[in-house]
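The values are calculated or read from the model by the stated rules, or taken from the named source; none is laboratory data. Remember, it's a predicted structure, so these values are computed and weren't measured experimentally. Cβ placement follows ideal geometry from the backbone for every residue including glycine, while neighbour counts extend to all protein chains displayed.
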Amino acid sequence: MKVLVTGGTGFIGSNIVEALLGRGDEVVITGHDAEQSLPNFKGTLLLPSLIGIDWSALPPVDILFHEAAYNDTRSQDLREMLHANVAASLELFKRVVEKGCKHIVYASSTAVYGNGPAPYKEDQPLHPLNPYAQSKQRLEEEIARFARAHPDVVIVGLRYCNVYGPGESHKGTRASMIYQLAQQMRKGNPRLFKSGEQRRDYIYVKDVVEVNLRAAEARSSGVLNCGSGRATAFNDVVKLLNNALGTSRTPEYIDNPFTNAYQDYTECDMSRAEEVLGFVPQYSIEAGIEEYKKTGSL
(Lines give C-alpha, C1' and ligand atoms only; values in the text may rest on other atoms or scores of the structure.)
Protein backbone atom coordinates (compact mmCIF):
# COMPACT_ATOMS: atom_id res chain seq x y z
CA MET A 1 0.00 0.00 0.00
CA LYS A 2 1.09 3.58 -0.67
CA VAL A 3 0.02 5.79 2.21
CA LEU A 4 0.10 9.54 2.89
CA VAL A 5 0.27 10.75 6.49
CA THR A 6 -0.12 14.49 7.01
CA GLY A 7 1.43 15.70 10.24
CA GLY A 8 3.82 12.77 10.00
CA THR A 9 6.41 14.50 12.16
CA GLY A 10 3.79 15.28 14.81
CA PHE A 11 2.70 13.27 17.82
CA ILE A 12 -0.01 10.94 16.54
CA GLY A 13 1.19 11.09 12.95
CA SER A 14 4.70 9.88 13.80
CA ASN A 15 3.28 6.92 15.72
CA ILE A 16 1.07 6.01 12.74
CA VAL A 17 4.09 6.28 10.43
CA GLU A 18 6.05 3.88 12.63
CA ALA A 19 3.23 1.32 12.49
CA LEU A 20 2.86 1.64 8.71
CA LEU A 21 6.59 1.18 8.14
CA GLY A 22 6.49 -1.83 10.44
CA ARG A 23 3.95 -3.55 8.22
CA GLY A 24 5.84 -2.71 5.03
CA ASP A 25 3.80 0.13 3.53
CA GLU A 26 5.31 2.77 1.25
CA VAL A 27 4.85 5.98 3.22
CA VAL A 28 4.78 9.65 2.21
CA ILE A 29 4.46 12.28 4.93
CA THR A 30 3.99 16.00 5.31
CA GLY A 31 5.67 17.52 8.30
CA HIS A 32 7.72 20.26 9.83
CA ASP A 33 11.30 20.20 11.08
CA ALA A 34 10.24 22.20 14.15
CA GLU A 35 8.41 19.14 15.50
CA GLN A 36 10.60 16.06 15.69
CA SER A 37 13.03 14.12 13.54
CA LEU A 38 12.29 10.57 12.40
CA PRO A 39 15.77 9.00 12.20
CA ASN A 40 14.52 5.65 10.84
CA PHE A 41 12.16 7.11 8.23
CA LYS A 42 13.19 6.16 4.67
CA GLY A 43 10.09 7.38 2.83
CA THR A 44 9.23 10.72 1.22
CA LEU A 45 8.92 13.87 3.36
CA LEU A 46 7.06 16.83 1.84
CA LEU A 47 7.84 20.19 3.46
CA PRO A 48 6.76 22.67 4.77
CA SER A 49 3.92 20.80 6.44
CA LEU A 50 0.44 20.86 4.88
CA ILE A 51 0.10 24.62 4.55
CA GLY A 52 2.25 25.74 1.64
CA ILE A 53 2.80 22.23 0.31
CA ASP A 54 3.86 21.81 -3.32
CA TRP A 55 0.78 19.97 -4.55
CA SER A 56 2.57 18.86 -7.71
CA ALA A 57 4.88 16.75 -5.51
CA LEU A 58 1.94 14.83 -4.06
CA PRO A 59 1.91 11.29 -5.52
CA PRO A 60 -1.15 9.02 -5.91
CA VAL A 61 -1.86 7.12 -2.68
CA ASP A 62 -4.20 4.33 -1.61
CA ILE A 63 -4.85 5.65 1.91
CA LEU A 64 -4.69 9.09 3.53
CA PHE A 65 -4.28 9.58 7.27
CA HIS A 66 -4.90 13.30 7.82
CA GLU A 67 -3.39 14.24 11.19
CA ALA A 68 -2.08 17.74 10.47
CA ALA A 69 -3.98 20.55 12.21
CA TYR A 70 -3.66 23.88 13.92
CA ASN A 71 -4.51 22.59 17.38
CA ASP A 72 -3.90 25.45 19.82
CA THR A 73 -7.10 25.35 21.87
CA ARG A 74 -6.25 28.74 23.42
CA SER A 75 -6.16 30.58 20.10
CA GLN A 76 -9.07 32.92 19.44
CA ASP A 77 -8.26 33.34 15.74
CA LEU A 78 -11.24 31.60 14.14
CA ARG A 79 -10.31 32.76 10.65
CA GLU A 80 -6.89 31.12 10.82
CA MET A 81 -8.39 27.99 12.38
CA LEU A 82 -10.86 27.66 9.51
CA HIS A 83 -8.13 28.26 6.95
CA ALA A 84 -5.76 25.68 8.41
CA ASN A 85 -8.21 23.04 9.60
CA VAL A 86 -11.04 23.28 7.06
CA ALA A 87 -10.00 24.92 3.79
CA ALA A 88 -6.61 23.17 3.63
CA SER A 89 -8.18 19.83 4.53
CA LEU A 90 -10.81 20.10 1.80
CA GLU A 91 -8.15 20.98 -0.77
CA LEU A 92 -6.10 17.98 0.35
CA PHE A 93 -9.06 15.59 0.15
CA LYS A 94 -10.00 16.88 -3.28
CA ARG A 95 -6.49 16.35 -4.62
CA VAL A 96 -5.91 12.86 -3.24
CA VAL A 97 -9.32 11.66 -4.43
CA GLU A 98 -8.65 13.07 -7.90
CA LYS A 99 -5.53 10.87 -7.92
CA GLY A 100 -7.46 7.75 -6.98
CA CYS A 101 -7.41 7.56 -3.15
CA LYS A 102 -10.40 5.57 -1.84
CA HIS A 103 -9.75 5.48 1.92
CA ILE A 104 -9.37 8.54 4.14
CA VAL A 105 -9.08 8.79 7.93
CA TYR A 106 -8.93 12.24 9.49
CA ALA A 107 -8.46 13.70 12.96
CA SER A 108 -11.38 15.42 14.64
CA SER A 109 -11.74 16.06 18.36
CA THR A 110 -14.06 15.55 21.31
CA ALA A 111 -13.67 19.31 21.77
CA VAL A 112 -16.72 19.53 19.49
CA TYR A 113 -18.88 18.27 22.38
CA GLY A 114 -17.94 21.18 24.64
CA ASN A 115 -19.77 20.88 27.94
CA GLY A 116 -22.38 18.57 26.50
CA PRO A 117 -23.36 15.54 28.58
CA ALA A 118 -20.83 12.73 28.90
CA PRO A 119 -20.21 9.94 28.12
CA TYR A 120 -20.31 11.42 24.62
CA LYS A 121 -22.33 9.74 21.90
CA GLU A 122 -21.59 10.56 18.27
CA ASP A 123 -25.14 11.66 17.50
CA GLN A 124 -25.63 14.09 20.41
CA PRO A 125 -25.74 17.88 19.85
CA LEU A 126 -22.36 19.62 19.56
CA HIS A 127 -21.39 22.67 21.65
CA PRO A 128 -17.86 23.80 20.69
CA LEU A 129 -16.39 26.22 23.23
CA ASN A 130 -13.48 27.74 21.27
CA PRO A 131 -12.33 28.42 17.69
CA TYR A 132 -10.38 25.15 17.52
CA ALA A 133 -13.49 23.14 18.39
CA GLN A 134 -15.58 25.24 16.01
CA SER A 135 -13.14 24.49 13.19
CA LYS A 136 -13.38 20.75 13.86
CA GLN A 137 -17.17 20.89 13.82
CA ARG A 138 -17.07 22.79 10.51
CA LEU A 139 -14.57 20.27 9.14
CA GLU A 140 -16.89 17.37 9.98
CA GLU A 141 -19.80 19.14 8.28
CA GLU A 142 -17.82 19.90 5.12
CA ILE A 143 -16.35 16.40 4.94
CA ALA A 144 -19.82 14.87 5.31
CA ARG A 145 -20.88 16.83 2.22
CA PHE A 146 -17.70 15.81 0.42
CA ALA A 147 -18.34 12.15 1.27
CA ARG A 148 -21.89 12.30 -0.10
CA ALA A 149 -20.48 13.70 -3.34
CA HIS A 150 -17.92 10.85 -3.51
CA PRO A 151 -19.80 7.69 -2.48
CA ASP A 152 -16.99 5.49 -3.78
CA VAL A 153 -14.60 6.92 -1.17
CA VAL A 154 -14.77 5.84 2.50
CA ILE A 155 -13.98 8.74 4.85
CA VAL A 156 -13.83 8.22 8.62
CA GLY A 157 -13.36 11.00 11.16
CA LEU A 158 -12.00 10.16 14.61
CA ARG A 159 -12.91 12.39 17.54
CA TYR A 160 -9.73 12.16 19.60
CA CYS A 161 -10.00 12.47 23.36
CA ASN A 162 -6.85 13.39 25.35
CA VAL A 163 -4.22 11.27 23.64
CA TYR A 164 -0.96 10.68 25.52
CA GLY A 165 2.23 8.72 24.94
CA PRO A 166 5.70 8.83 23.33
CA GLY A 167 6.25 11.48 20.69
CA GLU A 168 4.44 14.42 22.33
CA SER A 169 7.31 16.15 24.13
CA HIS A 170 7.75 18.79 21.40
CA LYS A 171 4.17 20.05 21.91
CA GLY A 172 4.92 22.11 25.03
CA THR A 173 1.70 23.40 26.61
CA ARG A 174 -0.31 21.46 23.99
CA ALA A 175 1.05 18.13 25.27
CA SER A 176 -1.24 15.89 27.31
CA MET A 177 -1.81 16.71 30.97
CA ILE A 178 -0.28 13.34 31.81
CA TYR A 179 2.98 14.45 30.22
CA GLN A 180 2.82 17.99 31.64
CA LEU A 181 2.04 16.82 35.18
CA ALA A 182 4.85 14.25 35.04
CA GLN A 183 7.35 16.98 34.09
CA GLN A 184 6.11 19.17 36.95
CA MET A 185 6.32 16.29 39.40
CA ARG A 186 9.93 15.54 38.55
CA LYS A 187 10.75 19.01 39.91
CA GLY A 188 8.12 19.66 42.58
CA ASN A 189 4.41 19.62 43.33
CA PRO A 190 2.01 19.72 40.37
CA ARG A 191 -0.47 22.57 39.92
CA LEU A 192 -4.12 21.75 39.30
CA PHE A 193 -7.21 23.85 38.83
CA LYS A 194 -9.40 23.78 41.95
CA SER A 195 -10.36 21.21 43.17
CA GLY A 196 -8.60 18.71 40.91
CA GLU A 197 -11.73 16.65 40.41
CA GLN A 198 -12.20 17.57 36.75
CA ARG A 199 -12.19 14.34 34.76
CA ARG A 200 -10.63 13.43 31.44
CA ASP A 201 -10.82 10.39 29.18
CA TYR A 202 -7.18 9.56 28.39
CA ILE A 203 -6.30 7.20 25.53
CA TYR A 204 -2.80 5.80 24.98
CA VAL A 205 -1.32 6.57 21.58
CA LYS A 206 -0.89 2.89 20.65
CA ASP A 207 -4.67 2.47 20.90
CA VAL A 208 -5.10 5.54 18.70
CA VAL A 209 -2.83 4.01 16.07
CA GLU A 210 -4.86 0.81 16.16
CA VAL A 211 -8.18 2.57 15.66
CA ASN A 212 -6.69 4.55 12.75
CA LEU A 213 -5.53 1.38 11.02
CA ARG A 214 -8.97 -0.18 11.51
CA ALA A 215 -10.72 2.97 10.27
CA ALA A 216 -8.71 2.77 7.04
CA GLU A 217 -10.49 -0.55 6.36
CA ALA A 218 -13.99 0.67 7.22
CA ARG A 219 -16.78 0.00 4.75
CA SER A 220 -18.77 3.19 5.29
CA SER A 221 -18.09 6.85 5.98
CA GLY A 222 -18.85 8.55 9.28
CA VAL A 223 -17.47 9.97 12.53
CA LEU A 224 -16.45 7.88 15.55
CA ASN A 225 -15.27 8.57 19.08
CA CYS A 226 -11.67 7.74 19.90
CA GLY A 227 -11.18 7.47 23.66
CA SER A 228 -10.62 4.84 26.33
CA GLY A 229 -14.22 4.96 27.53
CA ARG A 230 -13.13 5.80 31.07
CA ALA A 231 -12.67 9.19 32.75
CA THR A 232 -10.02 9.86 35.41
CA ALA A 233 -9.84 12.85 37.77
CA PHE A 234 -6.69 14.98 37.77
CA ASN A 235 -6.16 14.14 41.44
CA ASP A 236 -6.07 10.45 40.53
CA VAL A 237 -3.67 11.08 37.63
CA VAL A 238 -1.27 12.61 40.17
CA LYS A 239 -1.56 9.47 42.31
CA LEU A 240 -0.87 7.23 39.32
CA LEU A 241 2.14 9.33 38.35
CA ASN A 242 3.45 9.25 41.91
CA ASN A 243 3.38 5.45 41.71
CA ALA A 244 5.03 5.36 38.28
CA LEU A 245 7.71 7.96 39.01
CA GLY A 246 8.43 6.92 42.60
CA THR A 247 7.53 10.39 43.89
CA SER A 248 5.23 11.61 46.65
CA ARG A 249 4.01 14.93 45.30
CA THR A 250 0.92 16.77 46.55
CA PRO A 251 -1.21 18.91 44.22
CA GLU A 252 -1.25 22.67 44.62
CA TYR A 253 -4.62 24.13 43.59
CA ILE A 254 -5.05 27.34 41.60
CA ASP A 255 -8.01 29.21 40.15
CA ASN A 256 -9.16 28.21 36.67
CA PRO A 257 -8.95 31.24 34.32
CA PHE A 258 -10.81 29.38 31.55
CA THR A 259 -14.12 28.72 33.33
CA ASN A 260 -16.26 29.88 30.41
CA ALA A 261 -14.51 27.67 27.86
CA TYR A 262 -13.38 24.63 29.82
CA GLN A 263 -14.52 21.01 29.65
CA ASP A 264 -14.92 19.73 33.20
CA TYR A 265 -15.70 16.17 32.19
CA THR A 266 -14.74 14.30 29.04
CA GLU A 267 -15.56 10.66 28.45
CA CYS A 268 -16.35 8.77 25.27
CA ASP A 269 -18.99 6.15 24.70
CA MET A 270 -16.96 3.71 22.62
CA SER A 271 -19.77 1.32 21.69
CA ARG A 272 -20.10 2.62 18.13
CA ALA A 273 -16.37 2.25 17.41
CA GLU A 274 -16.59 -1.33 18.66
CA GLU A 275 -19.66 -1.99 16.50
CA VAL A 276 -18.27 -0.41 13.32
CA LEU A 277 -14.57 -1.22 13.61
CA GLY A 278 -14.37 -3.98 16.19
CA PHE A 279 -12.15 -1.64 18.21
CA VAL A 280 -11.80 -2.09 21.97
CA PRO A 281 -9.09 -0.03 23.75
CA GLN A 282 -6.36 -2.26 25.10
CA TYR A 283 -4.62 0.14 27.49
CA SER A 284 -6.06 1.19 30.82
CA ILE A 285 -4.65 4.48 32.07
CA GLU A 286 -2.56 2.53 34.60
CA ALA A 287 -1.06 0.32 31.87
CA GLY A 288 -0.57 3.25 29.52
CA ILE A 289 1.32 5.34 32.06
CA GLU A 290 3.49 2.35 32.99
CA GLU A 291 4.41 1.65 29.36
CA TYR A 292 4.94 5.35 28.71
CA LYS A 293 7.46 5.47 31.55
CA LYS A 294 9.26 2.37 30.23
CA THR A 295 9.85 4.11 26.89
CA GLY A 296 11.89 6.76 28.71
CA SER A 297 9.76 9.53 27.23
CA LEU A 298 7.65 10.42 30.27
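Count of the range 75-105 residues, restricted to those that are touching a residue at least 60 places away in the same chain (Cβ under 8 Å) and either surrounded by fewer than 19 Cβ atoms within 10 Å (Cβ to Cβ) or under 23 Å from K171 (Cβ atoms) (or both), is 2. For P117, only one of the following conditions fails: (1) in contact (Cβ under 8 Å) with a residue 40 or more places away in the chain; (2) out of contact with any strand residue (DSSP E or B) (no Cβ under 6 Å at 6 or more places or on another chain). What is its number? Checking P117 against (1) in contact (Cβ under 8 Å) with a residue 40 or more places away in the chain; (2) out of contact with any strand residue (DSSP E or B) (no Cβ under 6 Å at 6 or more places or on another chain), the one that fails is (1). Q183 meets the conditions (1) free of Cβ contacts under 8 Å to residues at least 24 places away in the same chain; (2) outside any helix (DSSP H, G or I) in every case but one. The failed one is (2).
Note on the range 156-175: among residues that are assigned to a loop (DSSP other than H, G, I, E, B) and in contact with a strand residue (DSSP E or B) (Cβ under 6 Å, 6 or more places away or on another chain), the one that is nearest to D123 (Cα to Cα) is C161. Can you tell me which residue in the range 65-101 is modelled with the lowest pLDDT, limited to those that are closer than 20 Å to R145 by Cβ and assigned to a loop (DSSP other than H, G, I, E, B)? Selected residue: A69. When the range 73-100 is filtered for residues that are over 14 Å from L139 (Cβ atoms) and aliphatic (A, V, I, L, M), the ones remaining, listed by number, are V96, V97.
Here's a check for you: in the range 1-32, which residue that is in a strand (DSSP E or B) and hydroxyl-bearing (S, T, Y) is surrounded by the fewest Cβ atoms within 10 Å (Cβ to Cβ)? Only one residue fits best here, namely T6.
Among the conditions (1) surrounded by fewer than 23 Cβ atoms within 10 Å (Cβ to Cβ); (2) within 16 Å of the chain's Cα centre (by Cα), the only one that S109 does not satisfy is (1). Yes or no: S169 surrounded by fewer than 20 Cβ atoms within 10 Å (Cβ to Cβ) and hydroxyl-bearing (S, T, Y)? Yes. Suppose we filter V208, V223 for residues that are modelled with pLDDT of 95 or more, within 17 Å of S176 (Cβ to Cβ) and either in contact with a Cys (Cβ under 9 Å, 6 or more places away or on another chain) or among the β-branched types (V, I, T) (or both); which single one remains? Result of the check over V208, V223: V208. If the condition is being assigned to a loop (DSSP other than H, G, I, E, B), in contact with a Lys or Arg (Cβ under 9 Å, 6 or more places away or on another chain) and not β-branched (V, I, T), then the range 50-64 contributes L58, P59, P60, D62. Candidates in the range 1-40 are the residues that are of a type in the set (A, V, I, L, M, F, W, C) and modelled with pLDDT under 75; of these, the one that is farthest from A88 (Cα to Cα) is L38.
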